[in-house]
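Peer 1: Dumping the structure here so I can ask a few things about it.
No value in this document is a laboratory result; all are computed from the given coordinates. This is a predicted model, so every value here is computed, not measured. Cβ: placed from backbone, ideal geometry, glycine included. Neighbour counts: every protein chain shown.
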Amino acid sequence: MTGRGAFEQRVAAALADRHVIQAVHLATRQKVEARAAALAALHDPEAIRTLAAQIKQHTLEHLPDYLEQFAAAVERNGGRVHFAPDAAAALRIVCDIARGCGAKLAVKSKSMTTEEIHLNQALEAAGVRVVETDLGEFIVQLDRDRPSHIVTPIIHKNRTQISATMVRELGCEYTEDPTQLTRIARRYLRDIFRRCDLGVSGVNFGVAETGTLCICTNEGNGRMTVTRPRVHVAVMGIEKIIPRLRDLPVFLKLLARSATGQPLTVYTTLLHGPRRPDDPDGPQELHVVLLDNGRSETLCGELAEVLRCIRCGACLNACPVYRNIGGHAYGGVYGGPIGSVLMPLMARLHAHGELPRASSLCGACYAACPVKIDIPSLLVKLRAATVRQEPFVKRVGMRLWKWLMLSSPRYRAAQTLLRWLVRGDPSGWVRNGFGPLRAWTRVRDLPPPPPRSFRRIWTEELRDER
């Protein structure tokens, strides 16, 4: 179910689940504080952010050339490159690779791009069992749930819920100790790694100059996924390209700091092709699937800068809307501010046209973005594209607002009327407005209009000075 009504239902359900909202509030606040401390340790974080934005923008402006260079380098390194114009093509490619190598059990490292195309379902339909090996994604899979955060898939779950899931699905003893829960998952996944024959991963950065795949994880599962199976398939969006290997440290300095507050992810893996004769481990085959899925169309439009995104999740952590409704309320693979831009673009606005309005336009996402994507401006442009989808009453209201704001006498008259219509309760806040304002104030703090307007105070002070 999609559309405005479905979105409002999901938001209402999220607001009603106080345990989820408390968990999201706590986790995002900690991430924001950790990010600030980690960036402060850099000599000039703003200069690094500016440089990263410039590199990504340059790459996007010359993307066809860099994609050609990257594909040639991967092939020279012994890998195979497949171009997928859309999700359906990407699914066919990966399933054909799985059938070709006779795969029956696939391990998968955390990847939002594969979530985007719903790869797990396609592989399962093709007779390949898929096991998520990132701990958070593993728990989401066991619970038949879906991730609610780009970086932290189970930000919406607590230890009690996780424990209950593992007891139910794995038959283990109940414990809420994180170390014990991790050991239980580790024992289970070690056996999966021993038997798997296909590994699937995403890619954080693809280096055009050398054909290098950079994969950043905080768990050893990532390296096990790309080295243990005999066939490795890396699925990456075409926007993940960067020009040179020397550009990579710029993004590595920002990615982990923006995502989790770490100086660097625990495992930062650089792959240069399949196993060579003298290599101790690695896959016999490496396949890189370059996914378009609407990215080229976005690249040609006025919203192209959204493709700079490095999927750090910093904008979600900073966003007051995401903090209050969580990720599932957005109804798509990507939530938060970046999801409010990406999902309408992927669905051509018809399925997620309500998301650009799921923002206060406060600018916190722009301030947090490590590659300086002006998300508020992009949201405004998307709102303009969907203005005809707005309810008639809202469109009339906005025209009335414009009419009032274009006339000083009308504006002053409206201020006077507002002081009579909107009044605070004993707590000093407006809790129950009239008409459409009633729903708005139910989840927001709104102070009542002051007894004297700024214009009146200014006029009186000027008169007193004379």
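Peer 1: For the range 380-432, what class follows from the C-alpha gyration tensor (a ≥ b ≥ c being the square roots of its eigenvalues): rounded when a/c is under 1.5, otherwise prolate if a/b is larger than b/c, else oblate?
Peer 2: On the way: a/c = 2.85, a/b = 1.50, b/c = 1.89.
Oblate shape, in that a/c is at least 1.5 and b/c is the bigger or equal ratio.
Peer 1: Using modelled backbone amide H atoms (1.01 Å from N, in-plane), which distant-in-sequence or interchain residues come within less than 5 Å of V289's amide H?
Peer 2: Excluding prolines and chain starts, which carry no amide H, the hits are H82, A234, V235, M236.
Peer 1: For the range 107-160 and the range 394-466, compute the distance between their C-alpha centroids and round to whole Å.
Peer 2: A separation of 48 Å, based on Cα centres.
Peer 1: Taking a ≥ b ≥ c as the square roots of the eigenvalues of the Cα gyration tensor of the range 43-159, is the shape rounded (a/c under 1.5), prolate (a/b larger than b/c) or oblate? Spell out each step's value before the answer.
Peer 2: Numbers: a/c = 2.50, a/b = 1.19, b/c = 2.11.
The shape class here is oblate.
Peer 1: Which of rounded, prolate or oblate describes the range 1-88 when judged by the alpha-carbon gyration tensor and an a/c cut-off of 1.5? Walk me through the intermediate numbers first.
Peer 2: Numbers: a/c = 2.74, a/b = 1.40, b/c = 1.96.
Oblate shape, in that a/c is at least 1.5 and b/c is the bigger or equal ratio.
Peer 1: Based on DSSP H assignment, which helices of the chain show an axial Cα extent of at least 27 Å together with a mean Kyte-Doolittle hydropathy greater than or equal to -0.5? Walk me through the numbers before you get to the answer.
Peer 2: Details: long enough: 18-40 (33 Å, 0.10).
Helices meeting the criterion: 18-40.
Peer 1: So which cysteines in the chain don't have a second cysteine's C-beta under 4.7 Å from them?
Peer 2: C95, C101, C172, C196, C214, C216, C300, C309, C312, C319, C362, C369 - these cysteines have no disulfide-compatible partner (Cβ-Cβ under 4.7 Å) in the chain.
Peer 1: Further question: Which length gain, in nm to one decimal place, applies between N324 and D44 when the Cα-Cα distance is subtracted from 0.36 nm times their residue separation?
Peer 2: Gain in length upon complete extension: 97.6 nm.
Peer 1: Across 10 Å bins from 0, what is the distribution of all Cα-Cα pair distances for the range 240-296, in whole percents?
Peer 2: 17, 32, 41, 10, 0
Peer 1: Just subtract the alpha-carbon distance of E173 and R29 from 0.36 nm times their residue separation and send over the number in nm, one decimal.
Peer 2: Details: separation 144, 0.36 × 144 = 51.84 nm, distance 3.22 nm.
Result for the pair: 48.6 nm of gain on full extension.
Peer 1: Could I ask something else about it? Translational diffusion coefficient, Stokes-Einstein: compute it for the range 203-261 using the Kirkwood radius over C-alpha pairs as Rh, at 37 °C and 0.692 mPa s, and state it as an integer in µm² s⁻¹. Intermediate results must be reported in sequence, preceding the final value.
Peer 2: Numbers: Rh = 12.6 Å.
This corresponds to a translational diffusion coefficient of 261 µm²/s.
Peer 1: Against the globular-protein guess of 2.2 N^0.38 Å, express the Cα radius of gyration of the chain as a ratio, rounded to two decimals. Don't jump to the answer; show the numbers that get you there.
Peer 2: Details: Rg = 25.1 Å, N = 466, 2.2 N^0.38 = 22.7 Å.
So the chain has a normalised radius of gyration of 1.10.
Peer 1: What is the antiparallel percent of DSSP beta bridges lying wholly in the chain, to the nearest 5?
Peer 2: On the way: 9 of 34 bridges.
Beta bridges within the chain, antiparallel portion: roughly 25 percent.
Peer 1: Using only Cα atoms, locate the centre of the range 346-386 and the centre of the range 241-296, then give the distance between them in Å, rounded to an integer.
Peer 2: Each part's Cα centre sits 28 Å from the other's.
Peer 1: For R466 and D281, compute 0.36 nm times the residue count separating them, minus their Cα-Cα distance, and round to one decimal in nm. Walk me through the intermediate numbers first.
Peer 2: Values: separation 185, 0.36 × 185 = 66.60 nm, distance 8.58 nm.
Separation in residues times 0.36 nm, less the Cα-Cα distance, equals 58.0 nm.
Peer 1: Go from 0 up to the bin containing the longest alpha carbon distance in the range 393-465, width 10 Å each, and give me the % of pairs per bin.
Peer 2: Percent of pairs per bin, in order: 17, 39, 34, 9, 1.
Peer 1: Let me ask something else about it. Based on the Kirkwood radius over alpha-carbon pairs, what value in µm²/s does the Stokes-Einstein equation return for the translational diffusion coefficient of the range 321-466 at 25 °C and 0.890 mPa s?
Peer 2: On the way: Rh = 18.2 Å.
The diffusion coefficient I find is 135 µm²/s.
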